[in-house]
Each structure stands twice: as structure tokens, then as C-alpha cells.
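So the structure is just underneath, and the comments pick up after that.
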Amino acid sequence: MKNAFSSVRTDEHNPIWQQSIQRENSLYARGNDIRSEFERDYTRLLHSLAYRRLKHKTQVFFAPHNDHICTRMEHVNHVASVSTTIAKYLGLNVELTQAIAIGHDIGHAPFGHAGEEILNSLMQQKEGRNAPKKFWHERNSLFFADFIETLPDPDGTEKCLNLTYAVRDGLICHCGEIDQQGLTPRTQAMNLYDIKRPGTTNPFTWEGCVVKVSDKIAFLGRDIEDARTYHILDMASYRQLREIVEGTLGFTPGHGHSTANGVHRSGRAVNTTVLINDMIVDLCTQSLPEKGLCFSEAYFNFITELKKFSFANIYNNWRLVEFQNYAREVLGCIYRTLMQAQVYVQKGRMDQFLRYAPGLARTFIDWLIKYTNYRPHDDPNRKQVLRYETKEVFDISSTESYEKCVIEYISGMTDQYAISAFEEIISF
């Protein structure tokens, strides 16, 4: 029902409003800002370097040379489009929804979910396979927003983004991998760093819930289209896909709305944009604050089967598995190289260690200056000169903290930059 959620939208009339707009500090002290709190967050994320790098990060297909294949940035924009449509129809706060959506993947690793698993496995080696995940991109998005991403204040000093609680909450709670009917927000605010696993905690706002659901709608639709472009799906698998569509829904999307209407048209091509549209419409017509965000039984079953199909026929395709092996070599090599450099870092001589990889050295040294207690031997006041008003997030004297520093640095790389750094390291 249109505007069915207007009474629970995150605004001045909602009891959670003050908590939702809470910030730790002030980035800007402007007296002429005409934007709302969430519009300001949206702009800060839009201008962040992590967001800009998403255009060269994998969604599903690694380091694509085809300009029309979905990158992580395009996926983020798809999620923003889907979630805005839903929020607007339901009567929720569109500005909050857009801010969460635009920033939800700023902590994603290079090479997509494969890169995420690789970085996690590198950190788990000392604790075994069953250790809790140390690196997961939802938490990393929050970490980047809180400690890594900066913008210059009016005086030119680089300061952290200082986002509102509601947006920060949406970043860490956005996991769209979980199948969940009747999604509702949790009722209590909490320390967001107490969340230890992805997908286990519902967002604090209805708008965060909308982004969580939209993440799933967006990637399920677009990934199929790209798989066709790369010939990942053959005719047999595409027939299977059509059977899933018509078998679970009882009709071809775009040509009817329910079997109760007697609509069933077989033999038509599966149009992913139509699938996305119809999933949005179904969610909007089925959801109520009393029920939560939910799909009809037919569409929920369809989404479940579509995920199974995508894992079997796309994400585990042998060509992607081969590239995952390559990505493991690339990221593993960079990780091992930088871990060996710790003694040079402690002496302020990182440039000496990485003289054979000047491109990698330049960006890693800047990272060390900005976020650690590293002091270059030839310019110990470099952080003040660059006007970095950032915390010393990592301690280079601690191996555990230094490892975290290396992992976070790698996580910010684009696919192509990681490959370039790898080639620098192994070239003679």
C-alpha cells in the first residue's frame, strides 16, 4: 500500500530521531548549509575516495575489460535506485535510504566476495578454519567510514567523515545474503562494533531494512545479465532459469501478476530488468509495518531458487574459480610482501624496502603516515605537513595491529591496482 510506512519513517516525529542523527564530532562548521543531516552524509560518501574506487572493483566478474559489465560502483547505484523506489512508495525517508545505499559497499575488497574471503583467510591462518570471520565487508564499510575516509574541512585539514548513527548502522547491517521474510528493524541502539558477524543484526531503521532487501534484489537481477554477456550461461542453464521463473511464479514476469488471474505465458525470454521491477512491486504491495518487509510466497520462493541457480551456474562457474585462484596469488603476494616489511616500517625506512615497487611504496607509505605512528626517517613531521588530522588507528610496533593495517590497506585497492602492485613485486 502506498505510504503504508509513513508513520514509522525516520523523521522528527519518530522517537528514534535524535539517536539516528547523532554524530561524534563536527566535520564542518558551516553557517549556510541548506541540506538535511542525511543529505550531508550522502554528499560526504559521494565525495569519498573509497566510493570513487568502486568503479574499478569487481561485482562478480573480475577486472572487466568490457565497459558494459557491472562494477561495484554500478551495483551500488542499482541498490540506490531500487531502495529509493521502495522507500518513496512506502513513505519512508528517501534521503536516509540514499545515504546508506551509496555508502554500503565502500569497505569492499578488490575482486569482490572472493577478495573478501581471501583477506579473511589470510587473517585466520593462525586460528584455523573455524575461527570467526575477521574481515567482512559490511563491518569494513563502517570501519572505513569511521576511521579511514577523510575530507578536507574549510581550512584544508583532512578529517574523518563523522556520519550519523543511522547511516553508520545501515552500512554494517546491510548484508543482503540472508533470506529473511518479514524484516523489521531492531528496537534498541547499540555499539555497532559489538556486531561480530554479518547478517546477524537487523538495521536500526526501516530505511536500513529497505537497503538490505534492495541489495539482494539488485545483485540477483544484474548478475544474470552479465553472465549471459560473458557466455557463462549456456542454453541448457538458460532453459533451467526460465523453468525456475515460470515454475515458481506460475507466469512470465512482465506479462502477468498471479496465477489467480490465469496468466501463464511460456517461451518468452527472461528479462532481468523486468524481474527487478516485479520484485520491487511485489515487495511494495506485500509489506506493512505490522508484517515487516516481505515478498509474496511465490516471489520469496522464486528468489530462493534464483539464488541457488546463481551459485550453481554463475558464482561457482569454472572460469570464475580459475580467476579466484589468480586473485589469491595476487593478494597473498602483496600481503606477504608488506608483512615482511614491518621491521623497515618500524625504522621509518619503508622506501628502502620497496625500492623495487615504487608505485606500491608511494601509496603504502602515505597510508602509514596517515593512519599509524610511522615516521619517515627523512621527514618525521610529514603527517602535520599533509594536514592529516586522523587518529593513529594502527600501531606498527604490534604485529597484530600491523597485520590489520596491511589488510585494511589491501582492502582499499581496486582490482587493477592490486594486479599492478603484484606485477611490480614479481618483475625483475
Report task. Residues being of a type outside the set (Val, Ile, Thr), in contact with a Phe, Trp or Tyr (Cβ under 6 Å, 6 or more places away or on another chain) and surrounded by fewer than 24 Cβ atoms within 10 Å (Cβ to Cβ): count how many of those fall in the stretch 67-97. Result -> 2
Query - the stretch 395-416: number of residues that are more than 26 Å from LEU54 (Cα to Cα) and of a type in the set (Val, Ile, Thr) - result: 2
Report task. Scan the stretch 99-123 for residues that are surrounded by 24 or more Cβ atoms within 10 Å (Cβ to Cβ), touching a residue at least 60 places away in the same chain (Cβ under 8 Å) and either over 16 Å from the mean Cα position of the chain (by Cα) or outside any loop (DSSP other than H, G, I, E, B) (or both) and report the count. Result -> 7
Report summary line: Those residues of the stretch 355-383 which are open to solvent by 70 Å² or more (accessible area, probe 1.4 Å) and more than 11 Å from ILE396 (Cβ to Cβ) amount to ARG355, TYR356, PRO358, ARG362, HIS377, ASP378, ASN381, ARG382
Report summary line: By residue number, the members of the stretch 392-428 that are open to solvent by 40 Å² or more (accessible area, probe 1.4 Å) and of a type in the set (D, E, K, R) are GLU392, ASP395, GLU400, LYS404, GLU423, GLU424
Report task. Output yes when any residue across the stretch 305-317 is surrounded by 15 or more Cβ atoms within 10 Å (Cβ to Cβ) and in contact with a Phe, Trp or Tyr (Cβ under 7 Å, 6 or more places away or on another chain), and no when none is. Result -> no
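Per-residue answers, yes or no, for (1) at pLDDT 90 or above; (2) among the charged types (D, E, K, R):
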| position | (1), (2) |
| --- | --- |
| HIS255 | no, no |
| ARG265 | no, yes |
| ALA269 | no, no |
| GLY292 | yes, no |
| LYS308 | yes, yes |
Report task. Pick out the one residue from ASN14, ASN77 that is without any contact (Cβ under 8 Å) to a residue 60 or more places away in the chain and more than 19 Å from LEU220 (Cβ to Cβ). Result -> ASN14
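Mind listing just one residue for me: the one in the stretch 1-49 that is acidic (Asp, Glu) and surrounded by 14 or more Cβ atoms within 10 Å (Cβ to Cβ) and, of those, modelled with the lowest pLDDT?
Filtering the stretch 1-49 for residues that are acidic (Asp, Glu) and surrounded by 14 or more Cβ atoms within 10 Å (Cβ to Cβ), the one modelled with the lowest pLDDT comes out as GLU37.
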Query raised in the report: If we keep just the residues of the stretch 198-244 that are farther than 16 Å from ARG72 by Cα and of a type in the set (Asp, Glu), which is most open to solvent (accessible area, probe 1.4 Å)?
Result: GLU243
Requested in this report: Please indicate, with yes or no, whether at least one residue in the stretch 318-340 is without any contact (Cβ under 8 Å) to a residue 40 or more places away in the chain and either assigned to a loop (DSSP other than H, G, I, E, B) or open to solvent by less than 50 Å² (accessible area, probe 1.4 Å) (or both).
Outcome: no
Query raised in the report: more than 20 Å from TYR165 (Cβ to Cβ) and in contact with a Leu (Cβ under 7 Å, 6 or more places away or on another chain) - does that describe any residue in the stretch 22-32?
Result: no
Report task. With the condition kept exactly as written, say whether any residue in the stretch 57-71 is over 30 Å from LYS134 (Cα atoms) and part of a helix (DSSP H, G or I). Result -> no
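Condition check ((1) in contact with a helix residue (DSSP H, G or I) (Cβ under 6 Å, 6 or more places away or on another chain); (2) in a loop (DSSP other than H, G, I, E, B); (3) crowded, with 17+ Cβ neighbours inside 10 Å) across all residues:
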| position | (1), (2), (3) |
| --- | --- |
| ASP146 | no, no, yes |
| GLY156 | no, yes, no |
| LEU163 | yes, yes, yes |
| VAL167 | yes, no, yes |
| GLY170 | yes, no, yes |
| CYS175 | yes, yes, yes |
| GLN180 | no, yes, yes |
| PRO185 | yes, yes, yes |
| MET190 | no, yes, no |
Requested in this report: Report, by residue number, each residue of the stretch 133-144 that is open to solvent by 30 Å² or more (accessible area, probe 1.4 Å), touching a residue at least 60 places away in the same chain (Cβ under 8 Å) and either in a helix (DSSP H, G or I) or under 18 Å from VAL213 (Cβ atoms) (or both).
Outcome: none
Query raised in the report: What do you reckon, is GLN181 modelled with pLDDT under 95 and of a type in the set (S, T, N, Q)?
Result: yes
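The values are calculated or read from the model by the stated rules, or taken from the named source; none is laboratory data. From a predicted model like this one, the values you see are computed outputs, not experimental measurements. All Cβ positions, glycine included, derive from the backbone under ideal geometry; neighbour counts span all protein chains shown. Remember, those area values only see protein heavy atoms, side chains included, never the ligands or the DNA or RNA. Shrake-Rupley method; radii C 1.70, N 1.55, O 1.52, S 1.80 Å.
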